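Accompanying notes for the structure given below.
The values are calculated or read from the model by the stated rules, or taken from the named source; none is laboratory data. Values in this document were obtained by computation on a predicted structure and should not be read as measured data. Counting neighbours? That spans all protein chains shown, and the Cβs are built from the backbone with ideal geometry, glycine included.
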Amino acid sequence: MKAPNSIPEVLDVASIRNQFPILNRRVKEKPLVYLDNAATSQKPQSVIDAISDYYTNYNANIHRGIHTLAEEATLAYEATRHAAQEFIGAASPEEIIFTRGTTEGINLVAYTWGRQHIIPGDEILISAMEHHSNIVPWQILCEEKDAVLKIIPVNDHGELSMEAYMELLNERTKLVSIVQVSNALGTVNPVKEMINAAHKAGARVLVDGAQSAVHLDIDVQDLDCDFFAFSAHKVYGPTGIGVLYGKKELLDSMPVFQGGGEMIKEVTFEKTTYNDLPYKYEAGTPNIADTIAFKTALDFVKETGKAAIREHENNLLDYATAQLQQIPGLRIIGEAKEKVSLVSFVIKDIHPQDIGIILDNMGIAVRTGHHCTQPLMKRFGIPGTVRASFALYNTREEIDILINGLQKAIKMLS
Ligand code: PLP
């Protein structure tokens, strides 16, 4: 690929960067170059302010109080539910369950829907590129229920084999749980087509949207997925809050997850009746401050415009890919036709961690290792990769710094 000479300005990146205070800090006496956005994105000042505004001005427990602070906190908390509903195109706010993040969302489905529906001999289909959080909950369930976990293979480009997928689907398949965008490869999977095929086979589908929610337009009704899980912290929001979307009829018919306050209608020692959606799945005092600030993050993305963000990030990806390909001995892991803005690579037989340490000394933050996808690393016969992942505030100059840093690291380690 030939390196483009310049990146078209689709975003006012300078003014966006001004909204992210952390980008002004120095690391090892160098300006921070933050390229670990797939692990977690940085937060704009508006999100940071929303957290402190809640604690400063209207800290109160939600739903149960009738005083002013409780009402203000409840309104703000529920406003996030509406914003999240709009963000992923859900039909109603009842379909938006707040969780701690993607991991908890997937586990919630495994513990409730999974225990209700999976019986011995059933098959659950995942892919070879899943994050551990979309492997382990299903392994636990399969072990408990004597069900079978089947794996959709990945080809050398880092794409799912759709042929193998179609062959694996059969009348025993009860669930397909699939990542929309791979955190290790950047591959965008054709989830709409996969959901359609799974439904024809009579299976439900959970989409792991941890990486896709920030980059792609998500419309859960158009996708027709049964569940969709994502985390706020990868969408410029706080840690400790995420969303599990589920179709209303499914959420209504599933057993409860955790027991406690908020998720009940009436409790006696003989019997408890459960609350309506979405509260049925939200036991206990939730993460109020971060949930409220999550709306600020969603507003930030909406105001900036997802299409412009995506275009900017795609330009960065093209530029970075072309530059990386010039480095002798560098091999990109994950060359799917459809990718989002991250690039994983290995260089000769140098251990990724050694490269990461040297880059950190230059103020450059990348991720190194297996990216919680150990089976995928095994598939490619490598211990891990170096991963640079881009967000809306990254620039071409930062990619130049990365390339320069890599060249120095190679010299030092060869
Ligand atoms: N799935 C994918 C594809 C991810 O990239 C991640 C996090 O990196 C997760 C699931 C888990 O997300 P969380 O740790 O926010 O629960």
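Per-structure values
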{"read-out": "Selection within the stretch 152-163 - out of contact with any Lys or Arg (no Cβ under 8 Å at 6 or more places or on another chain) and within 16 Å of the ligand (Cβ to nearest atom)", "value": "Ile152, Gly158, Leu160"}
{"read-out": "Residue check, Asp252 surrounded by fewer than 23 Cβ atoms within 10 Å (Cβ to Cβ), in a helix (DSSP H, G or I) and more than 9 Å from the ligand (Cβ to nearest atom)", "value": "yes"}
{"read-out": "Residue check for Lys145: under 25 Å from Glu95 (Cβ atoms), more than 23 Å from the chain's Cα centre (by Cα), outside the structural domain of Gly334 (by TED's automatic domain parsing) and modelled with pLDDT of 95 or more", "value": "no"}
{"read-out": "Filter result (assigned to a loop (DSSP other than H, G, I, E, B) and loosely packed, with under 12 Cβ neighbours inside 10 Å) within the stretch 261-272", "value": "Thr268, Phe269, Glu270, Lys271"}
{"read-out": "Matching residues, the stretch 231-245, being more than 7 Å from the ligand (Cβ to nearest atom) and touching a strand residue (DSSP E or B) at 6+ places or on another chain (Cβ under 7 Å)", "value": "Ala232, Ile241, Val243, Leu244, Tyr245"}
{"read-out": "Selected residue [assigned to a helix (DSSP H, G or I) and surrounded by fewer than 14 Cβ atoms within 10 Å (Cβ to Cβ)] from Ser52, Ser46", "value": "Ser52"}
{"read-out": "Search result, residues across the stretch 217-230 that are among the acidic types (Asp, Glu) and within 13 Å of the ligand (Cβ to nearest atom)", "value": "none"}
{"read-out": "Breaking point among (1) under 30 Å from Asp400 (Cα atoms); (2) not in a helix (DSSP H, G or I), for Gly284", "value": "(1)"}
{"read-out": "Given (1) free of Cβ contacts under 8 Å to residues at least 60 places away in the same chain; (2) of a type in the set (D, E, K, R); (3) part of a helix (DSSP H, G or I), index of the condition Arg17 fails", "value": "(1)"}
{"read-out": "Matching option when the condition is of a type in the set (Asp, Glu), within 16 Å of Leu402 (Cα to Cα), within 22 Å of the chain's Cα centre (by Cα) and not in a loop (DSSP other than H, G, I, E, B), among Asp354, Asp318", "value": "Asp318"}
{"read-out": "Breaking point among (1) of a type in the set (A, V, I, L, M, F, W, C); (2) outside any loop (DSSP other than H, G, I, E, B); (3) within 16 Å of the ligand (Cβ to nearest atom), for Ile292", "value": "(3)"}
{"read-out": "Any chance Trp113 is within 30 Å of Gly369 (Cβ to Cβ), surrounded by 23 or more Cβ atoms within 10 Å (Cβ to Cβ) and of a type outside the set (Lys, Arg)", "value": "no"}
{"read-out": "Any chance Ile401 is part of a helix (DSSP H, G or I), of a type in the set (A, V, I, L, M, F, W, C) and without any contact (Cβ under 8 Å) to a residue 12 or more places away in the chain", "value": "no"}
{"read-out": "Residue in the stretch 135-151 that is within 28 Å of Thr80 (Cβ to Cβ) and away from the ligand (no atom under 16 Å from the Cβ) present", "value": "no"}
{"read-out": "Any hit, the stretch 335-351, residues being among the hydrophobic types (A, V, I, L, M, F, W, C) and farther than 25 Å from Ile135 by Cβ", "value": "yes"}
{"read-out": "Counted residues, the stretch 108-133 - those being away from the ligand (no atom under 15 Å from the Cβ) and among the β-branched types (Val, Ile, Thr)", "value": "4"}
{"read-out": "Count of the stretch 49-107 residues which are within 16 Å of the ligand (Cβ to nearest atom) and either more than 17 Å from the chain's Cα centre (by Cα) or of a type in the set (Asp, Glu) (or both)", "value": "1"}
{"read-out": "Only one of Val207, Val176, Val214 that is more than 11 Å from the ligand (Cβ to nearest atom) and either within 17 Å of Arg310 (Cβ to Cβ) or crowded, with 24+ Cβ neighbours inside 10 Å (or both)", "value": "Val176"}
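Per-residue answers, yes or no, for (1) crowded, with 23+ Cβ neighbours inside 10 Å; (2) in contact (Cβ under 8 Å) with a residue 40 or more places away in the chain; (3) touching a Phe, Trp or Tyr at 6+ places or on another chain (Cβ under 8 Å):
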| site | (1), (2), (3) |
| --- | --- |
| Phe87 | yes, yes, no |
| Val109 | yes, yes, yes |
| Pro120 | no, no, no |
| Asn134 | yes, yes, no |
| Cys142 | no, no, no |
| Asp146 | no, no, no |
| Met162 | no, no, no |
| Glu193 | no, no, no |
